[in-house]
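S.K.: Attaching a single structure in structure tokens format; questions to follow.
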Amino acid sequence: MQSQFSRSHYCGAISESNVDETVTLCGWVHRRRDHGGVIFLDLRDRDGIAQIVVDPDTAEAFSLAEKVRSEYVLAITGRVRTRPAGTENKDMSTGRVEVLAKNVELLSSAQTPPFPLDDYVDVGEEVRLKYRYLDLRRPEMLDKLRLRSKVSTFIRNFLDQQGFIDVETPILTRATPEGARDYLVPSRTHPGSFFALPQSPQLFKQLLMMSGVDRYYQIAKCFRDEDLRADRQPEFTQVDIETSFMNELEIIELTQAMIVDLFKTVLDVDLGEFPRMPYAEAMQRYGSDKPDLRIPLELVDVADLLKDAEFKVFSGPANDPEGRVAALKIPAGNELSRKQIDDYTKFVGIYGARGLAYIKVNDKAAGAEGLQSPIVKHIPEAAISEIFSRTGAENGDLIFFGADKSTVVNEALGALRVKIGQDRNLYTKAWAPCWVVDFPMFEKTDKGAWTPLHHPFTAPSCSPEMLAESPGTALSRAYDMVLNGTELGGGSIRIHDRAMQQKVLEILGIGEEEAADKFGFLLDALKYGAPPHGGLAFGLDRLVMLMTGAQSIREVIAFPKTQSAMCVLTQAPGKVEDRHLKELSIRLRAKEVPGA
């Protein structure tokens, strides 16, 4: 039956300016309280909560109010009045007024929810995602979605004002080497052939530059079939930007201005300076290409001091060209118990470290006697003295050591630095942005082949001849924006010269025939006058996660997948009927039965 009421205000919108007005509110019963014959209802909608008073004088409304329970949907008409002195609620935007109900209409009843929505308790994520439509009713969840909408709107308006054009690119495309597995879509009309869902609009936005669009943007859905972490999802949203005739410094300045204005407008936060740091420096000082600059701890190289140490765990990596020995000083770290140190040792093991050596500095003046460590007897006293000097260690401090291949030491100590910063609350500021620049063009796989550090369409900062001569030392024209240890966005100047693009593909082991098959359309386009161009893509989910203080991007996506890439709400992915598979020319292989 159609409601006889028409909403006049949102629950969170009434205030003292509405006193003595008759209003109609619609929403969910957040809480019901019966106080000596007078019933109080907290009515909730997306904008807030209003207190409703229902007294016995309105018999029909009172009778209905006696029956309602949490999450019933009501339409209530009544008069706004000031709350009696002493009953105001300073924690509510509507806490100085209430609505004396004249009419109450039941629009929908509700069963008891699987978890309470009035006072949020610790509910397992699986349950919250299964009943996501209930979870999203909670004000804190709606606030995250509202902020996400504000962020998207701001970005669109900013880029529109800068002359960028919003262009949609295809969702059904072909597989490209973006560093992760593609989601494949079988074609019914082309049996045995597959589309791929885009990991990014990379090639299409480059083609748009060759088409003369000049400035493009898109808030684009992207898909990657990869192992998940707190900041990863199989489908995610990125703010994709590409522009012609701008160099990397100009793109950095433009996109930095956008993020600075965004934080100031939406959060009233001044991000301050954005230092620019070469990749090599970031790895040396922080063990990460996305350093959290809120944490003052730094890695210090000490390999040269330990090449002749008896301790082979140190001297081995110290004499290995691909090895690294680094120290990480923890101020007042002597407070750490043996159990805490053991826990940190297990933590770095996740990153391949085989142990975590340490020295507790009790009394520097007492020499070896003033140190607490199982490794001190294996290290020359002069080396220990220089380690203290380099790290700035004082009495009461603790020094952790990492010794292994450089990649292992960087990952392990870099992650340990962040974890200790979190555990000991060492943050020196709320926000710490930076740009990481001068990335290597390539890195080697475990099998010794070259692979692009970003993607194969990133321009090097050298000639094709120099690139071919020394691919391992070549730098790219790439840049990443980092905020609080999270990569917000990454981009580069692209290759707009066909010979350079072919040379990069050649170094990656992609021959002419394979290149023509996979990238023929791009190589052809480069023959017809490609402008210098570059761009950047921001992870919208990560950006909103940081701005809301959420711990996972799942908290800022309306209907996310679990860490196992499932939607527990709709039970996707699901099985498909045999007749549909037959239409797609697909036959499933029978699962092997153990022991058969």
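The values are calculated or read from the model by the stated rules, or taken from the named source; none is laboratory data. Predicted, not measured: the structure shown is a model, and the values here were computed from it. Heads up, the Cβs are rebuilt from the backbone with ideal geometry, glycines too, and the neighbour counts pull from every protein chain shown.
S.K.: Any residue in segment 8-30 that is assigned by TED's automatic domain parsing to the domain that holds residue 71 and touching a residue at least 40 places away in the same chain (Cβ under 8 Å) sitting within a Cβ distance under 6 Å of a residue that is exposed (fewer than 15 other Cβ atoms within 10 Å of the Cβ) and of a type in the set (S, T, N, Q)? List the pairs, counting only those 6 or more apart or interchain.
M.R.: Qualifying pairs under 6 Å: 19/82.
S.K.: Here is a further query. Kindly indicate whether residue 373 is in contact with a strand residue (DSSP E or B) (Cβ under 7 Å, 6 or more places away or on another chain), among the hydroxyl-bearing types (Ser, Thr, Tyr) and over 22 Å from residue 296 (Cβ atoms).
M.R.: When the stated conditions are applied, residue 373 passes them.
S.K.: Here's another thing I want to ask about it. Among the residues of segment 545-565, write down those that are at positive phi and either surrounded by 12 or more Cβ atoms within 10 Å (Cβ to Cβ) or touching a residue at least 24 places away in the same chain (Cβ under 8 Å) (or both).
M.R.: Of everything in segment 545-565, just one residue is at positive phi and either surrounded by 12 or more Cβ atoms within 10 Å (Cβ to Cβ) or touching a residue at least 24 places away in the same chain (Cβ under 8 Å) (or both), namely 565.
S.K.: Which pairs turn up if I take residues in segment 156-172 that are outside the structural domain of residue 221 (by TED's automatic domain parsing) and look for partners that are surrounded by 11 or more Cβ atoms within 10 Å (Cβ to Cβ) and among the small types (Gly, Ala, Ser) with beta carbon separation below 9 Å, at least 6 apart in sequence or on another chain?
M.R.: Cβ pairs passing all conditions: none.
S.K.: Looking only at segment 373-385, filter to residues that are in contact (Cβ under 8 Å) with a residue 40 or more places away in the chain and surrounded by 14 or more Cβ atoms within 10 Å (Cβ to Cβ); which one of those is nearest to the chain's Cα centre (by Cα)?
M.R.: Among them, the one singled out is 375.
S.K.: When residue 537 is evaluated against the numbered criteria (1) within 30 Å of residue 418 (Cα to Cα); (2) part of a loop (DSSP other than H, G, I, E, B); (3) not aromatic (Phe, Trp, Tyr), which criterion, by number, is the only one it fails?
M.R.: (2)
S.K.: A further question on this structure: Go through (1) under 43 Å from the mean Cα position of the chain (by Cα); (2) crowded, with 19+ Cβ neighbours inside 10 Å; (3) in a strand (DSSP E or B) one by one and return the number of the condition residue 104 breaks.
M.R.: (1)
S.K.: If you check 563, 551, 571, which single one turns out to be in the same structural domain as residue 152 (by TED's automatic domain parsing) and over 26 Å from residue 220 (Cβ atoms)?
M.R.: Just one listed residue meets the conditions, 571.
S.K.: Going through segment 269-297 one residue at a time, which ones are touching a helix residue (DSSP H, G or I) at 6+ places or on another chain (Cβ under 7 Å) and polar (S, T, N, Q)?
M.R.: Across segment 269-297, the qualifying residue is only 288.
S.K.: Scan segment 488-527 residue by residue and report those that are small (Gly, Ala, Ser), free of Cβ contacts under 8 Å to residues at least 40 places away in the same chain and not in a loop (DSSP other than H, G, I, E, B).
M.R.: If the condition is that a residue be small (Gly, Ala, Ser), free of Cβ contacts under 8 Å to residues at least 40 places away in the same chain and not in a loop (DSSP other than H, G, I, E, B), then 499, 515, 516, 520 are the ones that fit.
S.K.: Let me ask you something else. Please tell me if residue 204 is in the same structural domain as residue 256 (by TED's automatic domain parsing), at pLDDT 95 or above and in contact with a Lys or Arg (Cβ under 8 Å, 6 or more places away or on another chain).
M.R.: no
S.K.: Tell me, yes or no, whether segment 174-189 has at least one residue that is in contact with a strand residue (DSSP E or B) (Cβ under 8 Å, 6 or more places away or on another chain), among the polar types (S, T, N, Q) and outside any loop (DSSP other than H, G, I, E, B).
M.R.: No; the residues of segment 174-189 include none that is in contact with a strand residue (DSSP E or B) (Cβ under 8 Å, 6 or more places away or on another chain), among the polar types (S, T, N, Q) and outside any loop (DSSP other than H, G, I, E, B).
S.K.: Residues that are assigned by TED's automatic domain parsing to the domain that holds residue 250 and loosely packed, with under 15 Cβ neighbours inside 10 Å, at least 2 per element: which strands (runs of 3 or more DSSP E) completely within segment 386-480 meet that?
M.R.: Hits in segment 386-480: 442-444.
S.K.: With respect to residue 369, determine if the residue is acidic (Asp, Glu) and touching a Leu at 6+ places or on another chain (Cβ under 7 Å).
M.R.: In short, no.
S.K.: Here is a check on your reading of the model: is residue 585 among the hydroxyl-bearing types (Ser, Thr, Tyr) and closer than 28 Å to residue 430 by Cα?
M.R.: No, not satisfied.
S.K.: For residues that are touching a Phe, Trp or Tyr at 6+ places or on another chain (Cβ under 9 Å) and hydroxyl-bearing (Ser, Thr, Tyr), scanning just segment 204-235, find the one that is surrounded by the fewest Cβ atoms within 10 Å (Cβ to Cβ).
M.R.: Per the criteria, the residue is 217.
S.K.: Quick one: which residue in 37, 48 is at positive phi and touching a residue at least 40 places away in the same chain (Cβ under 8 Å)?
M.R.: Only one candidate qualifies: 48.
S.K.: Output the qualifying pairs, or none if there are none: Cβ atoms under 6 angstrom, residues six or more apart or on different chains, first residue in segment 566-578 and in contact (Cβ under 8 Å) with a residue 40 or more places away in the chain, second residue hydrophobic (A, V, I, L, M, F, W, C).
M.R.: Pairs found: 568/129.
S.K.: Among the residues in segment 48-66, are any within 20 Å of residue 19 (Cβ to Cβ) and small (Gly, Ala, Ser)?
M.R.: yes
S.K.: Would you be able to tell me the number of residues in segment 236-260 that are surrounded by fewer than 18 Cβ atoms within 10 Å (Cβ to Cβ) and outside any helix (DSSP H, G or I)?
M.R.: Looking only at that region, the number is 2.
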